[in-house]
1. Go over the candidates B:SER172, B:SER204 one by one and state the one that is over 21 Å from B:ALA270 (Cα atoms) and within 11 Å of chain A (Cβ to nearest Cβ).
2. Check off (1) of a type outside the set (Val, Ile, Thr); (2) in contact with a helix residue (DSSP H, G or I) (Cβ under 6 Å, 6 or more places away or on another chain); (3) in contact (Cβ under 8 Å) with a residue 40 or more places away in the chain for A:GLN401 and give me the number that stays unchecked.
3. For A:VAL41, only one of the following conditions fails: (1) assigned to a helix (DSSP H, G or I); (2) over 30 Å from A:ASN183 (Cβ atoms); (3) under 50 Å from the mean Cα position of the chain (by Cα). What is its number?
4. Please find, within the stretch A:38-49, the residue that is modelled with the lowest pLDDT out of those that are within 7 Å of chain B (Cβ to nearest Cβ) and closer than 16 Å to A:THR101 by Cα.
5. Going by the structure shown, is A:LEU388 surrounded by 22 or more Cβ atoms within 10 Å (Cβ to Cβ), modelled with pLDDT under 90 and within 23 Å of the chain's Cα centre (by Cα)?
6. Under the condition of being assigned to a helix (DSSP H, G or I) and modelled with pLDDT under 90, which residue from the stretch A:332-356 is nearest to A:GLU275 (Cα to Cα)?
7. I'd like to know if the stretch A:124-144 contains one or more residues that are under 29 Å from A:ILE198 (Cα atoms), without any contact (Cβ under 8 Å) to a residue 12 or more places away in the chain and assigned to a helix (DSSP H, G or I).
Amino acid sequence: MAGASGGFLAGVNDPWLKPRLLRAVVAERLPQPGGAELPPVELASVLGAVRTHGLLTEGLPDRAPEDPKLAEAWRTAVDSWVERVVALVESDSAYSCWLGTCFLGVTFQECSNERFAESYSNWYEKILSNLQEPSCLQLVTVISCTSLSDLFVRLAKFLNLKKEASAFAGRVVEPVLRLLNENGLVADEAIDLLRTVIKLYPSSVNRHYNKVESAIVTKVMSTEVNIKPSEKFARTLALLPSIRVSEDSWSLMIRRILIVVNNLLNDAFVGLEEEKNGHDIMLLLVPPGADPPPTLGDQVRPGANVHITKKFRVCTVPTISALMHCCSVMLTSYYPVQVNVPMRALVALIRRVLLVDGSLHKKLFPSTTSLHQELICFELPSLHSTFLDLLNATIKGMRSQLLPHGASIIRLVTEYFKIAKLPTLRTKAYSILQLLLTSMGIGTSLHLLEATVSNAIADLNDDGGSDMTIISTNPSKVTNESSSKIYSKKRKQEPQVQNSFVSGSEKAAISPRKRKGSSVQIASKGMTPETTGDARISTPLSVKITALETLEILLNVGGSLWTDHWRPEVDLLLINVAMSACDMGGSYKQKPSTFGGASILDLQLASLKALLASFLSSPYARPPYLAKGIELFTKGKLEIGTKLADFCSRALLALDVLTHPRALSLEKAVPVGSGLNYSARGKTVFGGGTCQISAYRDQPQAMEVEDMYDDWLASTKDDEPAETPMNGSAAGTSKAGTMLADGSQLNPIAEDPKINSLRITAAAQDAPASSKSDVTMVDTAAGEIVKPNTVDNSSSSNAVSAPVYTTNSDSQKHVIPSIPEQRRADEVSHLENRSPAVDAPSSKLGTSDEVSDVPVAALGFHQAPEGRSTSFAELFGSESGVDSESDDSVPDIVDGDPDSD
Amino acid sequence: MAPPPPKQLVLAASSADAGVAAWDLRTGAEEIRHRPCASRPRALASVADRFLAAAQAPPAGGNSGTVHFYHWDKPQVAVKSFPAEPIRALLADQEGSYLIGGGSNGNLFLWEVASGELLHTWHAHYRAVRCLALYDYLLVSGSEDGSVKVWDLITVLDEQSRLEAQTPYLYSFNQHALPVTDIACFLGAIAISSSEDRTCKIWSLSEGRMLRSIPFPSSIDSVALDPRSHVFYAGGRDGKIYVTAMGVDISSHGGDESSILGALDDQSKAVTSLASSTDGLVLVSGSEDGNVRVWDTRSQQVTRKFKHSQGPVTNVLIVAPKRVNLPPLHPLRKVCSANGEVEPRAVILPRPENDVPIHGNRTSIFMEHYLDELQKYGGSSMLFDSGLNTQNCAANQQGTEWRGRYLELQDLFVHEVLDQMPSSRNP
């Protein structure tokens, strides 16, 4: 062979390369024992060479011909490497010893099985003597621990050596326990080694059980441990029950931990909760009559010598969080036998902590001081975060057994959302919602629907709906000016509608189209003047992202549940959030996000995922806003090489079934009632965006109209454009516009709502006939809205339906004789509170009914009691903004309209 | 080599006391017969494939209930329980945590398997409960009085939620005119019920309404779903198994008749029970003539026929037994324990899949990190003289510093929130 005698190699894959390289490394690059230090770059390159080329593996390629000379050469090369490394370990020089141990550790992983089995005991002794030598340099101790744990991991793969390995493991325990008391870095590695040993050879630690437990508990409860290492200690503590495997040892451990934590909380929460809370939990943990289990770490007195102001921060909270982390690990990891979990105590403890909001309990205790309260409020977020993690682990660990406690956990989380205001806590609370939804399925969504929807809407709404699309771009400025111009114009025309309150609120709602977030917030917080433009407080992206993920899961799990109450609102919200997230990509990129590195890209992805879920789980055969959604997905697909593009192409694939329905027999399972409305509307071009949602309210007749449904399907097949009007209300306006304008404007996707409204208005002029039919459609839609609302919630129906009546009664009173007189009175009173921007154009243009209808249709379904005002204002503001734009761009119509006077 | 596919057993029980027979689905050999067992329809349940539970038909004139547990490999009864009333329908949830029984007086019982505790019992129907099905934690129960009710178990198990709920059940459907014989649930919260009124009805559990009603030429005693969910099988009293489309083919504009696509027919007596395999290729039917037939659903032919006994076969199941280390089984309790006395026993079963592996390779990772650090600090020369401690200190200091920053941040937010709250109220 070419490489055998030092000649040329056959190439990089020539096996002869390896012994030669290794020989060179040993001869030229490894220092002699006691030799000078090498620069770190050089060491890194040696390490790299050994690992990339696999110099120590002694593994010949499978199909290579047997070559004893090569094997021999390689073996001697590795021999010399090992010899040198061992010599380094034994050297007196600390540096050589350190280096030798490092490379020995590498050898453990890299060398061949035969070599390892042959010499592991020798190597073990070498390293162990390092560990046992008290004068040894810290750095050497650290690397010795690390390489020993590598040795044990490798050894665990040799099943025939189990006995020896176990004996070795037992010998390590004592020196390691001694190391635990050393400073940070050493203890850190020592605990890792101990964990490895317990995990792999639990029985070997049995002899030392008590010592190990007290050493770890002392560490966990001692003051000087930092957060991160103490988590390692906690994880090791969680492993302890596996040393003596029995049903009891596990339960005993978790009960002892809970007792300690409960007692710590007793001190902490004095005056902030009911006094007997702690006692009740104790009763659950130690049933009356039973002997209390031995206290965990009873000799440790955490923070005895620390000043009271520091005590809580430096010891109580870190100890609690470490112990709770230990519980979480115990709940979620494998244990060889079935064990009992003290669920009620666990849930009670979680409830106890999460419901403390820092406010004083009615009864004041002498020991409660404002300082105490302040200290606790200071630490409360981290406590909550710890217990949310515990709750998370409980749900994961208990799986189906959570069922009997399901309702109380659901109540707890729902209540907790009122307390959780900090972004991190909110994110965690959302993740618990997600877990609950996925673990217990559709039944949970019954209970969590309201909480999820209202919280998510509140979190996502703060920067508005569709109007967000043109944030901080130049056109928005124009819009702003134009809308205020319009506004003043209208003031002249309709003085009777004016009063100061309306003008203030409407300004806030209409004009600041570029300051979406603030406008909505203002509206929801009681109509403050519009000066707060720049000081907007928006929900951090991370919270929004989890809110979107939660909505996505809710839609997946219970998307078809009680759809009337929440789907229209959520669907609208999701399309708006997705649109704004995608459009704003540029503007957000400049400023780095503050929380957890979540970026606008993540928001885009999350919003598109939620949007897809909303489409796929839609109870309607053609989900609203489908067209707009497809546009977003198609655009996203162009971002080649990103996760977004990946997801978008998958989404389009998933939507394919929706857009081109195959003749699947399951098709029939969708509400057939929708067929009626589709087929009816297929003929009126304008009705598209507006009455869609309201149409679905009428579902009881579902079963009788199957034929209509078939008709519709057939017509769709023949005539693709017929389905365009069904796509969404907000998005649908643009569609309708393009449909009408003329055949040439076939591009269904319009980037700027301004253009849309322009088209609509232009189209309206061209097609007065279709506007007629539209009006009748609106009329029926209005009738349908009224019916259910009067049954459900009369007050909201008034507020909601008023705009519709106004628009109709202004111009088309004769069309709707069926509306009761009393309602008319209502609508008059509402007129005063309404935006002139909405009814002025509608009174002028019959067609604009359909535009102003959009908020109505969407609002008709606001059933959730919370978060409604926000979206109302937002929708109202945004849509009326569209109107005013259209007016502005076609001023001649406004002037020429006789009805407005 | 892929591991051999798990052995699948066909189980069958009869209303005559002929035990539970188990045949290997592949070889056709009878594996074991658990005795004694005489079960009414829908009273045989495999508890997460770990063991078998069968509610016994009461002896003539008797009014006591019995439930038997069997281990897979022992023919005799492992544990006998005596519920408060005879159990007509028995069901276990997917993870085998709970057993749900429907009594002959219309009561429902929910037991925890691990402890045998009766978690809750409630009156559900005016007459006997005939069949049960679960979708997530929605329980669907069908009764002799023709009603189908849907229960949310989370609500059912929680006292406060029960008080808050307007009705104890989530939905109550009364469209069936005669006793409901079988219920099956499927993806998308869809349930199918069969009845003696010669119809099957498809329900949407999320919308709470009937989607379709399909008339059949005879009473239907049993339904089974194809796992792909596009068809279901309905076993009729006339001995035929009707293959029925879940929806209606759009191309055919006929009436509902068209949803019956065909029938599997082997000239048997009434088909009493059906079971479909997870891959949808095999359908097992039990008949009143005492035979168990295994069908190939593609060719629609009988591929095997097992003789169970002279009496009618009432239950068939396809299971893949998991022979795991079972903790001792507890008998099911007759009554609920007094409130709060006994904690429902939540247990963690050993599940190797959630074990966290320990990774090797740490030395080199450690070394790489370390060398990186060294390079940053400009060489190692000082490290082994006096520098070692400074190195450690630096790390420590960094830790403290980070913690400090974290606390500051937290402080900031607390203040922000506190500041905001009044400001939002009085601007």
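1. On the way: B:SER172 fails: within 11 Å of chain A (Cβ to nearest Cβ).
Only one candidate qualifies: B:SER204.
2. For A:GLN401, the failing item is (2).
3. Going through the list (1) assigned to a helix (DSSP H, G or I); (2) over 30 Å from A:ASN183 (Cβ atoms); (3) under 50 Å from the mean Cα position of the chain (by Cα), A:VAL41 breaks only (2).
4. Initial filter on the stretch A:38-49 (within 7 Å of chain B (Cβ to nearest Cβ)): A:39-41, A:43-44, A:47.
This time we only want the ones that are closer than 16 Å to A:THR101 by Cα, so: A:40, A:43-44, A:47.
On the way: A:PRO40: 81, A:LEU43: 84, A:ALA44: 86, A:LEU47: 87.
Checked the stretch A:38-49; the qualifying residue modelled with the lowest pLDDT is A:PRO40.
5. Values: surrounded by 22 or more Cβ atoms within 10 Å (Cβ to Cβ): yes; modelled with pLDDT under 90: no; within 23 Å of the chain's Cα centre (by Cα): yes.
Spelling it out, it is not the case that A:LEU388 is surrounded by 22 or more Cβ atoms within 10 Å (Cβ to Cβ), modelled with pLDDT under 90 and within 23 Å of the chain's Cα centre (by Cα).
6. Filtering first and then ranking leaves A:ARG344.
7. Looking through the stretch A:124-144, at least one residue is under 29 Å from A:ILE198 (Cα atoms), without any contact (Cβ under 8 Å) to a residue 12 or more places away in the chain and assigned to a helix (DSSP H, G or I).
Quick grid of which residues meet (1) surrounded by 24 or more Cβ atoms within 10 Å (Cβ to Cβ); (2) not in a strand (DSSP E or B):
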residue	(1), (2)
B:GLN160	no, yes
B:TYR169	no, yes
B:SER193	yes, no
B:ASP197	no, yes
B:CYS200	yes, no
B:LEU211	no, no
B:SER218	no, yes
B:TYR233	yes, no
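The values are calculated or read from the model by the stated rules, or taken from the named source; none is laboratory data. A quick note: this is a predicted structure, and the numbers were derived from the prediction, not measured. Virtual Cβ from ideal backbone geometry, glycine too; neighbours counted across all protein chains shown.
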